[in-house]
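Notes to accompany the following structure.
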Number of protein chains: 2
Amino acid sequence: MSIRKLAVIGVGLIGGSLARALRAAGQVDEIIGCGRSRDNLDKAVELGVIDSYSQDIGKAVEDADMIFLAIPLGAMRDAFDSMKGYLAGNAVITDGGSVKGSVIADCEAVFGEILPNFVPGHPIAGTEKNGVESSFAELYQNRRVILTPVSQTDESAIARVHAMWRYCGAEINRMSPVDHDRVLAATSHLPHMLAFALVDMLSRVDYEEDIFKYAAGGFRDFTRIASSNPVMWRDICIANKDAVASLVESYADEMMDLARAIREDDIDTLTRMFMNAKKHRDAFIDGV
Amino acid sequence: MSIRKLAVIGVGLIGGSLARALRAAGQVDEIIGCGRSRDNLDKAVELGVIDSYSQDIGKAVEDADMIFLAIPLGAMRDAFDSMKGYLAGNAVITDGGSVKGSVIADCEAVFGEILPNFVPGHPIAGTEKNGVESSFAELYQNRRVILTPVSQTDESAIARVHAMWRYCGAEINRMSPVDHDRVLAATSHLPHMLAFALVDMLSRVDYEEDIFKYAAGGFRDFTRIASSNPVMWRDICIANKDAVASLVESYADEMMDLARAIREDDIDTLTRMFMNAKKHRDAFIDGV
């Protein structure tokens, strides 16, 4: 048993799926949950995702040798604060936050140092669903998990978190927090902003009903991520402010160039842009 | 047999699928194809999608009672020009162009009037694939086809085109060309622009490889339409210039507002925007 007692702070899709996967792999002895919704925690016990729960973070973590924070980025600092003084000497902490710089800063703000046993991480997996009922043991199978340890991070703590994710079927990569936040801003945070902004903008035009009536598959695919959790994404924006805002600004410039090219019948620019996009999309994404 | 001889100008996904659907429904006696690629036309004969072909549009249409133009918008005017003088008295013409105003203008420019037997149309269906091999009889099943006749259009011609699409399993709606072009600019043309522009922009950053390496499902869905045919989309931009450029400009403004909100920690604006987007996406698209 690689983990004796796992504390899952936030038993939703991400936290619940980790619990299920480790249970399925036979790599955890006991799982305690923690969260704000008692209904969700009761459901998690009922589903066998966790063995028990406490809504007091201190109590939930005090005896755990592995702690997984699967809560919105805006809740991280309070969570660190609530576990301060309750951590066991052998406890390893990791998280699933979509931005790493802010979580690391939260840890440092609370503890006065970046805890050597804190291994910042980010599983690149998820759906638009929320809650423990949407969790499943296979969520991390063949998905990437990025770990972003810093120079202070203990290598044995990294190894334990690495092993935990391997048991879930994930492929683990290491990056610096800055590189992670820059890459994720482009691949994940910006596309979510674009989808939210598009649906928001179209909801305000006077022919909105026709828009959704005649929306075809492309529009559905394109806007699916606009059904994601608004609070989670608001937190991500704020936590990764510089990288996301810069990309949104660059994208606004790209839009102005595009509008100009369309208005001026600039066929060369349009052809070059669309062909380049198709080439890269086809090459990197294997046509799926 | 509701159609004696169907001429399909452009035997790709759209044209080939109409031919297959009408054949499967037993509603066409003979199908002649026309197109630029002899390889594609040979393949279409081999697959039984068309009975024969001519690369001369005049020859292809001269004996047809139904003509379907399934070619890029930029090729419409030449196609009208090439069929001038060869049309049978009972010939009905319709098309599959994604912009209606420009096709109607092309018809008028060539014939000096909007032909009463021309019924502008647009099947809201398609994939990112091209060529006759990607065509299939079920493409239009339960999909919408928008017809945009004008005051000059002959009602019996509209009825024949309506019946043709019904035999393909489609649901037919009528709109004015202007309304069509405005709605499609929002639901289809703008999202394609956003996806092309995003992939184009990201292909130019210095961490491009990491971007595609760590791209998850949301990014794949979001950028799928950037694999679409660049020439077709360039033509659509130009043909629906005013509506598309206006939306792209509005979207650039929306991006600037968003960037400002992120930089200023304007949590209220972000929450409102994301919640409104989620509400509308969930309500109109039934969570798929």
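The values are calculated or read from the model by the stated rules, or taken from the named source; none is laboratory data. On a predicted model such as this, the values are computed, not experimentally measured, just so you know. Cβ: placed from backbone, ideal geometry, glycine included. Neighbour counts: every protein chain shown.
Checking B:Ala163 against (1) in a helix (DSSP H, G or I); (2) without any contact (Cβ under 8 Å) to a residue 40 or more places away in the chain; (3) among the small types (Gly, Ala, Ser), which test does it fail? Going through the list (1) in a helix (DSSP H, G or I); (2) without any contact (Cβ under 8 Å) to a residue 40 or more places away in the chain; (3) among the small types (Gly, Ala, Ser), B:Ala163 breaks only (2).
To keep it simple, each residue is scored yes or no on (1) more than 22 Å from the chain's Cα centre (by Cα); (2) under 18 Å from A:Met201 (Cα atoms).
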{"position": "B:Ser176", "(1), (2)": "no, no"}
{"position": "B:Arg182", "(1), (2)": "no, yes"}
{"position": "B:Leu190", "(1), (2)": "no, yes"}
{"position": "B:Met193", "(1), (2)": "no, yes"}
{"position": "B:Asp200", "(1), (2)": "yes, no"}
{"position": "B:Asp206", "(1), (2)": "yes, no"}
{"position": "B:Phe212", "(1), (2)": "yes, no"}
{"position": "B:Gly218", "(1), (2)": "yes, no"}
{"position": "B:Phe222", "(1), (2)": "no, yes"}
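Return yes when B:Asp206 is within 23 Å of A:Lys278 (Cβ to Cβ), of a type in the set (Asp, Glu) and buried (at least 18 other Cβ atoms within 10 Å of the Cβ) and no when it is not.
No; evaluated as a whole, the condition is false for this residue.
When residues in the stretch A:166-191 are screened for being more than 12 Å from chain B (Cβ to nearest Cβ) and either within 17 Å of A:Ala239 (Cβ to Cβ) or assigned to a loop (DSSP other than H, G, I, E, B) (or both), 4 of them pass. Take the conditions small (Gly, Ala, Ser) and over 21 Å from B:Ser2 (Cβ atoms) and apply them to B:Ser156. Does it pass? Answer is no for this residue. One residue alone among A:Ser151, A:Ser98 is of a type in the set (Gly, Ala, Ser) and touching a residue at least 12 places away in the same chain (Cβ under 8 Å), and that residue is A:Ser98.
I'd like to check something: does the stretch B:201-218 contain any residue that is aliphatic (A, V, I, L, M), modelled with pLDDT of 90 or more and not assigned by TED's automatic domain parsing to the domain that holds B:Met76? Yes, there is a match, as at least one residue in the stretch B:201-218 is aliphatic (A, V, I, L, M), modelled with pLDDT of 90 or more and not assigned by TED's automatic domain parsing to the domain that holds B:Met76.
If you check A:Asp29 against the conditions, is it surrounded by fewer than 16 Cβ atoms within 10 Å (Cβ to Cβ) and not polar (S, T, N, Q)?
The answer is yes for A:Asp29.
Of the residues making up the stretch B:58-74, those that are under 17 Å from B:Ile14 (Cβ atoms), crowded, with 21+ Cβ neighbours inside 10 Å and of a type outside the set (Phe, Trp, Tyr) number 7. The stretch A:195-288 holds helices (runs of 4 or more DSSP H) entirely within its bounds, and those carrying 2 or more residues that are more than 7 Å from chain B (Cβ to nearest Cβ) and not basic (Lys, Arg) map to A:208-213, A:230-239, A:241-263, A:267-285.
Of the residues B:Ala7, B:Ala21, which single one is closer than 19 Å to B:Gly97 by Cα, within 20 Å of the chain's Cα centre (by Cα) and in a helix (DSSP H, G or I)?
The match here is B:Ala21.
Evaluated against (1) on the phi > 0 side of the Ramachandran plot; (2) touching a Ser or Thr at 6+ places or on another chain (Cβ under 8 Å), B:Pro116 falls short on exactly one condition, (1).
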